[in-house]
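The structure appears right after this line, and notes come after that.
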Amino acid sequence: MKYRGSIVIIAILAFVFGRGFFGQPPYEERESLILHGVLQFIEQVHYNPKPLDDEFSKDVFDTYLERIDGGKRYFTQEDIDQMSKYRLELDDQSKVRTFEFFDLSLELLDKRMKEAKSYYDELIDKDYDFTLDEFTELDETKKPWAANSEELKGYWKEFLKYEIMTTVARDLDAQEKSDTIEQKTVAVLEEEAKDDIKEKFGDWFKRLEALRRSDRFETYVGTITNYFDPHTGYFNPKEKEDFDINMGGKLEGIGARLRQQDDYIQVVEIIAGGPAWKGKELEVDDKFLSVTQEGGEPVDVVGMRTDDAIPMIRGKKGTVVILSILKPDGSIVNIKIERDEVIIDESFARSAIIDIPDMIENVGYIKLPKFYSSFEKEDGNSCAKDVAKELEKLKANNVNGIILDLRNNTGGSLNDVVDMSGLFIEKGPIVQVKSKNSKAYVHSDTDPMVQYDGPLIVMVNTNSASASEILAAAMQDYGRAIIIGGNSTFGKGSVQRFYDLDRAIKGNDELKPLGNIKMSVQKFFRVNGGSTQLKGVIPDVILPDNYSYIDAGEKEYDNVLPWDEIEAKTYNQDVVKITNMSGIVSNSKKRTANNDNFLLADGRAKLIKSNRDITKYSLNINTFRANRKQQEADAEKFNSLFKKDIEKIKLSNLPEDIDYINADESRVGRNEEWFKGLKKDFYLEETLFVMKDMIESEPSFANIADKIKSKG
């Protein structure tokens with residue numbers, strides 16, 4: 001997340017560091033430089049830096065081993081014992097920027113991965129007896145490390161037996177349910193299962209072999225950064241570029257989504273409106289053979305990793321790339337594409353009008369997937385500006401209320417959420433932001449204009465985080481809107497800032513770019529003084545969902561920043577006064593208590609809680625199938641959730657958007673899919689009922705209620 005004044009701060013840091021604040025890096029190697037910059041930034045600007053001591057060392061040691069071998073398929077206890085001599089020394093190694101433990105872990109991992117491959121090759125073709133009463137533990141944290149290589153081989157045997165058995169069980173169940181599927185014996189199905197697993201694990205081992213030291217190093221550095229909090233992390237240059245594209249919703253390139261498929265880079269989607277879409281030559285499932293910059297030599301990309309090839313395919317607007325493409329029919333063609341700006345429009349705010357005839361009509365709906373912003377471009381995208389435009393369009397259509405949907409919105413730009421919150425009040429504080437060892441800074445809406453003064457509901461869920469929580473909290477504290485959702489939002493009450501390691505470390509140009517560190521530098525607090533950290537925002541109207549009976553969100557992370565509170569600010573608004581919240585909440589509870597969908601949602605939440613603790617599974621295929629059939633029977637009653645259209649609900653696009661949507665078939669298709677989902681969204685239906693109650697019971701909206709009655 002971005003905060004005002006960040007450009008000044010980074011400029012000051014770069015100046016100080018360049019003058020020798022860091023001192024000369026102890027080693028010239030790139031890894032040492034990266035770790036050096038990361039730790040110095042954390043020490044200087046992290047919200048809650050912790051000392052590099054034995055607690056740090058133990059946490060990094062244990063977490064790193066879990067990340068590189070969480071399945072306990074490579075290391076033995078002998079390896080762990082060998083590495084354990086460093087368990088209390090990682091703080092000392094980090095201070096002098098050395099990597100004795102990391103180097104040893106790679107040496108042992110490389111050795112053990114080759115051994116694991118040999119176990120796999122030997123065991124995959126073995127015959128397995130699925131009638132024995134054996135069990136496997138799928139929660140690896142409950143299993144000890146294999147004592148030695150022989151026991152590790154036994155782990156692999158157990159693991160492969162489970163993989164084969166579950167595949168055979170799935171095929172037996174399919175045969176049992178269908179008269180058209182060829183009936184095969186367990187022995188035949190076992191051989192077919194082995195063939196499937198060979199293909200899957202062949203790809204898996206290939207990906208493992210393709211991992212470079214730099215990939216493992218990023219895991220190690222990420223483990224170090226996560227000791228300070230789960231949202232502080234290292235980004236290599238490619239990851240930072242992808243983050244910027246994701247947040248800005250724009251990139252310059254050819255306009256295609258790509259993936260690794262065996263040795264090829266394959267097209268999985270052509271982005272509507274982009275250069276490839278306009279050219280009509282590049283298609284889904286095309287595979288790249290080589291990439292040529294106009295005037296340059298072709299570069300063979302077969303066998304190349306996607307993250308190495310993509311920078312060659314992307315490029316500045318106006319430049320030309322020539323792609324040698326293998327078509328699905330086996331033909332090879334050369335496609336010349338001039339790169340251009342590509343807009344990923346499904347990432348942006350969009351709106352619709354929703355009606356339930358004779359119940360509640362002409363309600364505006366805005367979906368905001370994230371708080372996007374092109375941080376570094378003056379003419380870049382701004383979700384606050386886009387939502388303001390959607391509000392104007394909805395007002396022009398005389399909507400009776402507006403629903404702002406922030407479900408699954410994980411946050412983004414702090415500046416934009418402050419500006420967006422200001423659209424609904426006259427002016428005043430929106431959020432307090434506090435750095436370490438300093439007083440809180442208040443981010444306020446200073447614009448007295450109220451862009452929308454009508455009924456407002458904000459939809460959230462457990463995955464609504466960060467900026468989403470700021471807006472929901474501000475609207476709740478001001479009493480400006482009703483917040484509706486599950487037990488609470490995510491609980492991420494921290495502010496992150498990117499720091500460019502290149503700007504912090506003087507010289508060493510031959511080793512750059514070094515990447516960035518995204519670091520938690522501030523916490524934000526509500527205007528009432530409370531933090532959303534860990535606790536999140538508790539909605540006014542609470543609806544059953546998958547997380548009703550389990551902890552989720554920030555609570556599930558390790559090393560989280562604590563909840564606390566600071567002094568409240570004076571705040572008020574005279575736009576809307578919600579005086580009947582208790583009645584609105586009571587009405588919703590009565591409706592959901594008798595609503596089949598919400599009863600099912602509550603039942604599924606209870607089932608999720610009970611199933612979460614089941615980690616031990618039988619390797620007897622008959623027992624396994626019987627247990628799975630019971631689980632499927634338990635879950636089957638919930639299969640209808642989100643499958644049926646809500647009765648009477650109607651959706652329509654705004655007249656102002658019709659031409660844009662109809663400009664190409666892909667937009668039409670995406671719009672249709674969006675509407676299909678909304679028509680099945682019973683949470684949206686209940687939100688409409690809450691909107692109806694709010695309009696009818698609140699004096700602030702008496703004029704709207706009268707208008708609706710007179711129309712009826």
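Place a label point 7 angstrom from the Cα of E115 along the Cα-to-Cβ direction, then list the residues of the stretch 52-87 whose backbone nitrogen is under 19 Å away.
Residues 65-86 qualify, since their backbone N sits under 19 Å from the label point.
Only Lys, Arg, Asp and Glu count, each charged at its Cβ (+1, +1, -1, -1), so figure out the dipole size of the stretch 414-476 about its Cα centre, rounded to 20 debye. All intermediate terms of the calculation are to be shown ahead of the outcome.
On the way: 4 positive and 7 negative charges, 85 e Å.
Result for the stretch 414-476 is approximately 400 debye, rounded to the nearest 20.
Kirkwood Rh over alpha-carbon pairs of the stretch 168-207, then Stokes-Einstein at 37 °C and 0.692 mPa s: what D in µm² s⁻¹, rounded to an integer? Display every interim value, and only then the final one.
Numbers: Rh = 11.1 Å.
It comes out at roughly 295 µm²/s.
About the Cα centre of the stretch 609-675, what is the dipole size in debye to 20, counting +1 per Lys and Arg Cβ and -1 per Asp and Glu Cβ, all else neutral?
On the way: 13 positive and 13 negative charges, 174 e Å.
Value, rounded to 20: 840 debye.
Quick one: order R305, R212 from most to least accessible surface, probe 1.4 Å. Could you put the intermediate results ahead of the total?
On the way: R305 50, R212 90 Å².
Descending order: R212, R305.
When ligands, DNA and RNA are left out and all protein chains stay put, how many square angstrom of accessible area per residue does the stretch 404-472 have with a 1.4 Å probe? Could you put the intermediate results ahead of the total?
Working: 2060 Å² over 69 residues.
Each residue of the stretch 404-472 exposes 30 Å² on average to a 1.4 Å probe.
For the stretch 209-318, go through all pairs of different Cα atoms, get the mean of 1/r, take its inverse, and jot down that Kirkwood value in Å.
Numbers: mean 1/r = 0.0630 Å⁻¹.
Evaluated on the stretch 209-318, it is 15.9 Å.
Could you rank the peptides 639-652, 511-524, 275-288 by their average count of other C-beta atoms within 10 Å per residue, with the highest value first? Show your work: numbers first, answer last.
On the way: 639-652: 12.8, 511-524: 22.5, 275-288: 17.4.
Order by mean packing, descending: 511-524, 275-288, 639-652.
Over the stretch 305-368, what number does the Rg to Rh ratio reach, with both radii from the alpha-carbon atoms and Rh per Kirkwood? Show your work: numbers first, answer last.
On the way: Rg = 21.3 Å, Rh = 16.3 Å.
Rg/Rh: 1.31.
Measuring from centroid to centroid over Cα atoms, what is the spacing of the stretch 266-319 and the stretch 491-546 in Å?
So the two Cα centres are separated by 33 Å.
In Å, what Kirkwood hydrodynamic radius results for the stretch 616-672 from the alpha-carbon pair distances?
Details: mean 1/r = 0.0629 Å⁻¹.
Its Kirkwood hydrodynamic radius stands at 15.9 Å.
Please work out how much length the chain gains when fully extended from E134 to D308, using 0.36 nm per residue of separation minus the C-alpha to C-alpha distance, in nm with one decimal. Intermediate results must be reported in sequence, preceding the final value.
Working: separation 174, 0.36 × 174 = 62.64 nm, distance 4.49 nm.
Full extension of this stretch gives 58.2 nm more.
Please give the per residue volume of the convex hull enclosing the alpha carbon atoms of the chain, rounded to a whole number of Å³.
Roughly 190 Å³ of hull volume per residue.
Which residues in the stretch 593-626 place their backbone N less than 17 Å from a point set 7 Å from the Cα of T141 along the Cα-to-Cβ direction?
Under 17 Å, as judged by backbone N against the label point of T141, lie 609-616 of the stretch 593-626.
How would the stretch 465-608 be classified by its alpha-carbon gyration tensor: rounded, prolate or oblate, with rounded meaning a/c under 1.5 and the a/b versus b/c comparison settling the rest?
Working: a/c = 3.21, a/b = 1.71, b/c = 1.88.
Because a/c hits 1.5 or more and a/b fails to exceed b/c, the stretch 465-608 counts as oblate.
Which one, N398, F135, L104, projects farthest toward the positive side of the charge dipole computed for the chain from Cβ point charges (K/R +1, D/E -1)?
N398
Set Lys and Arg Cβ to +1 and Asp and Glu Cβ to -1, take the dipole of the stretch 620-675 about its Cα centre, and tell me which of L654, Q631, W674 lies farthest positive.
Highest projection toward the positive end goes to Q631.
Would you mind classifying the stretch 122-165 by shape? Square roots of the alpha carbon gyration tensor eigenvalues, ordered a ≥ b ≥ c; an a/c under 1.5 is rounded, otherwise it is prolate if a/b is larger than b/c and oblate if not.
Working: a/c = 2.13, a/b = 1.32, b/c = 1.61.
Verdict is oblate for the stretch 122-165.
Mind listing the long-range amide H neighbours of V342? Cut-off is under 5 Å, sequence gap 5 or more, other chains count too, H placed in the peptide plane at 1.01 Å from N.
Answer set, sorted by chain and number: L251, E252, G253.
At a 1.4 Å probe radius, which order do E554, E338, E137 fall into by accessible area, largest first? Let's see the in-between values first.
Numbers: E554 0, E338 115, E137 35 Å².
Sorted by accessible area, descending: E338, E137, E554.
Put a dot 7 Å past each Cα toward the Cβ at N703 and E151; how far apart are the dots in nm?
Taking the two extended label points, one gets 7.6 nm.
If I model a spin label as a point 7 Å beyond the Cα along the Cα-Cβ vector, how far apart are those points for T570 and V320 in nm?
A separation of 6.7 nm, rounded to one decimal place.
Translational D (Stokes-Einstein, µm²/s) of the stretch 547-686 at 37 °C and 0.692 mPa s when Rh comes from the Kirkwood sum over C-alpha pairs?
Numbers: Rh = 20.6 Å.
This corresponds to a translational diffusion coefficient of 159 µm²/s.
What's the extension gain from K650 to K555 if we count 0.36 nm per residue and subtract their Cα-Cα distance?
Contour length minus the Cα-Cα distance gives 30.4 nm.
Based on Cβ point charges of +1 for Lys and Arg and -1 for Asp and Glu, what charge dipole magnitude is obtained for the chain about its Cα centre, in debye rounded to the nearest 20? Mind showing how you got there, number by number?
On the way: 100 positive and 129 negative charges, 425 e Å.
In debye, rounded to 20, the chain gives about 2040.
Compute the distance from the alpha-carbon center of the stretch 609-628 to that of the stretch 568-595, in whole Å.
Value for the Cα centre distance between the two parts: 44 Å.
With each label point set 7 Å from Cα along the Cα-Cβ vector, what nm distance links A633 and E78?
4.8
As I understand it, the dipole of the stretch 28-68 uses +1 on the Cβ of Lys and Arg and -1 on the Cβ of Asp and Glu, about the Cα centre. Which of I42, L52, I68 lies farthest toward its positive end?
Result: I42, furthest along the dipole toward the positive end.
For the stretch 661-712 and the stretch 34-88, what is the separation of their Cα centres, given in Å?
Rounded to whole Å, the Cα centres lie 50 Å apart.
Give the whole-number value, in cubic angstrom per residue, of the convex hull volume spanned by the C-alpha atoms of the stretch 467-509.
On the way: hull volume 4.6 nm³, N = 43.
Spread over its residues, the Cα hull of the stretch 467-509 gives 107 Å³ apiece.
Please give the calculated 222 nm ellipticity per residue for the chain, where each DSSP H segment of at least 4 residues contributes -39500 (n - 2.57) and the sum is spread over every residue; nearest 500 deg cm²/dmol?
On the way: 23 runs with 300 residues, N = 712.
Calculated from helices alone, the mean residue ellipticity at 222 nm is -13500 deg cm²/dmol.
I want to verify the translational diffusion coefficient of the stretch 61-207 in µm²/s; compute it with Stokes-Einstein, Rh as the Kirkwood radius over Cα pairs, at 10 °C and 1.306 mPa s.
90
In nm, what is the difference between 0.36 nm times the number of residues separating D203 and N437 and their Cα-Cα distance?
Working: separation 234, 0.36 × 234 = 84.24 nm, distance 5.02 nm.
Between D203 and N437, full extension yields an extra 79.2 nm.
The values are calculated or read from the model by the stated rules, or taken from the named source; none is laboratory data. Keep in mind the model is a prediction, meaning the values are calculated, not measured. So basically every Cβ, Gly included, is an ideal-geometry build from the backbone, and we count neighbours across all protein chains shown. Surface accessibility is based on the protein's heavy atoms, side chains included, excluding ligands, DNA and RNA. Shrake-Rupley method; radii C 1.70, N 1.55, O 1.52, S 1.80 Å.
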